[in-house]
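Q: One structure is given below, represented as structure tokens, and several questions about it will come after.
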Amino acid sequence: MFKTVPSINYLYKVLFDLHLHTDMSDGSLTLPMIEKLARERYAKAGVADHISRYHKIQDEKSFAEYIQALDRHDVLKGGEICLGSDLEISDASLDQLDYIIGSMHALRFDRSLTLFFFDSSVRFPDHHYFIQLYTERIIHFLSTERLDILGHPTLLPIFLQCKDPDKLFSDEQYAAIVRAGVENRVAFEISSRWLVPSVRFLSECRNQGAQVSFGSDAHSEEDALDFDYNLRIMKESGLDFDSVFVPEKKA
């Protein structure tokens, strides 16, 4: 339960939607639209377009154009990378971002087999093994990758999205994932689009003192800067607003 009832002024300090996609990657939102929505909804916005070899922002040239566009608007500069996929962008360039979201969009088993989460034709029969490998990879990425936020934690491939993650992951697996985030100072995103992670996962975040962030993963105006789910599940899991990650804007 919240230590105190948060005031409107206090909420304004933590209501950051840090996961917005624009027409610079695969969204329909424009930067002027995001600025307008943030003013109307008394919140703050962070753009985190996809940065990968599978999207428009995939090399130094396209990344530089992305940064230049963000610098012309009142938004935080973020980016969403695909964990496990190589980037053709230098660390010096990535330093220009205010924060980096790392998300699991695929799980690579070996050189010949990669399971893509949003491919509806994909199936994998051994769910227990899949969750075990997923957990191991997430912990590895939290410990080795350059990131500030783990995007939509416990979001699973389409063929498993009909199942409750709490019935697939053990308490020990949740605890190990959260521990890796705490040790490496990575916040866990509360995703209002995907409705993950669960109250049980976030209760473990509370117990270990992990940070969380708010993200709509919005690709269109109707989903952007909606904090209803975030605020409700924060209350249900007993997380205090002091645990909300708010990145600093770089010059």
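Q: Restricting attention to the range 136-167, and to residues there that are surrounded by fewer than 14 Cβ atoms within 10 Å (Cβ to Cβ) and of a type in the set (Lys, Arg), which single residue is nearest to Arg185 (Cα to Cα)?
A: The qualifying residue nearest to Arg185 (Cα to Cα) is Arg146.
Q: Going by the structure shown, is Leu133 more than 28 Å from Val47 (Cβ to Cβ) and buried (at least 17 other Cβ atoms within 10 Å of the Cβ)?
A: No: the conditions fail for Leu133.
Condition check ((1) among the polar types (S, T, N, Q); (2) surrounded by fewer than 17 Cβ atoms within 10 Å (Cβ to Cβ); (3) closer than 16 Å to Glu189 by Cβ; (4) in contact with a strand residue (DSSP E or B) (Cβ under 9 Å, 6 or more places away or on another chain)) across all residues:
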| site | (1), (2), (3), (4) |
| --- | --- |
| Leu37 | no, no, no, yes |
| Gly46 | no, no, yes, yes |
| Arg53 | no, yes, no, yes |
| Glu60 | no, yes, no, no |
| Phe63 | no, no, no, yes |
| Gln68 | yes, yes, no, no |
| Leu76 | no, no, yes, yes |
| Gly79 | no, no, yes, yes |
| Asp86 | no, yes, no, no |
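Q: Go through the range 15-65 and count every residue that is among the acidic types (Asp, Glu) and not in a loop (DSSP other than H, G, I, E, B).
A: Of the residues in that region, 6 qualify.
Q: Additional query: Looking only at the range 168-197, filter to residues that are within 15 Å of the chain's Cα centre (by Cα) and either among the charged types (D, E, K, R) or more than 27 Å from Thr22 (Cα to Cα) (or both); which one of those is surrounded by the fewest Cβ atoms within 10 Å (Cβ to Cβ)?
A: Residue satisfying both the conditions and the ranking: Arg185.
Q: For the range 78-129, name all the residues that are among the aromatic types (Phe, Trp, Tyr), over 24 Å from Pro247 (Cβ atoms) and touching a residue at least 12 places away in the same chain (Cβ under 8 Å).
A: Answer for the range 78-129, where residues must be among the aromatic types (Phe, Trp, Tyr), over 24 Å from Pro247 (Cβ atoms) and touching a residue at least 12 places away in the same chain (Cβ under 8 Å): Phe109, Phe116, Phe117, Phe118, Phe124.
Q: Which residues, counting only those in the range 191-212, are in contact with a His (Cβ under 8 Å, 6 or more places away or on another chain) and among the hydrophobic types (A, V, I, L, M, F, W, C)?
A: Trp194, Val196
Q: Arg137 versus (1) at pLDDT 95 or above; (2) touching a helix residue (DSSP H, G or I) at 6+ places or on another chain (Cβ under 7 Å): which is the lone unmet condition?
A: (2)
Q: In the range 237-251, what count of residues is obtained for those that are hydrophobic (A, V, I, L, M, F, W, C), in a loop (DSSP other than H, G, I, E, B) and surrounded by 17 or more Cβ atoms within 10 Å (Cβ to Cβ)?
A: Residues in the range 237-251 being hydrophobic (A, V, I, L, M, F, W, C), in a loop (DSSP other than H, G, I, E, B) and surrounded by 17 or more Cβ atoms within 10 Å (Cβ to Cβ): 3 in total.
Q: Still on this structure: Would you point out which residue out of Glu222, Glu236, Glu248 is touching a residue at least 24 places away in the same chain (Cβ under 8 Å), more than 17 Å from Asp148 (Cα to Cα) and over 15 Å from the mean Cα position of the chain (by Cα)?
A: Glu236
Q: Among the charged types (D, E, K, R) and either modelled with pLDDT under 95 or closer than 17 Å to Gly84 by Cα (or both), is that true of Glu172?
A: no
Q: Could I ask something else about it? Which count do you get for residues in the range 205-236 that are crowded, with 22+ Cβ neighbours inside 10 Å, touching a helix residue (DSSP H, G or I) at 6+ places or on another chain (Cβ under 6 Å) and in a helix (DSSP H, G or I)?
A: 1
The values are calculated or read from the model by the stated rules, or taken from the named source; none is laboratory data. Everything quoted here is computed from the prediction, not taken from an experiment. A quick note on method: Cβ atoms are made from the backbone with ideal geometry, for glycine too, and the neighbour counts reach across all protein chains shown.
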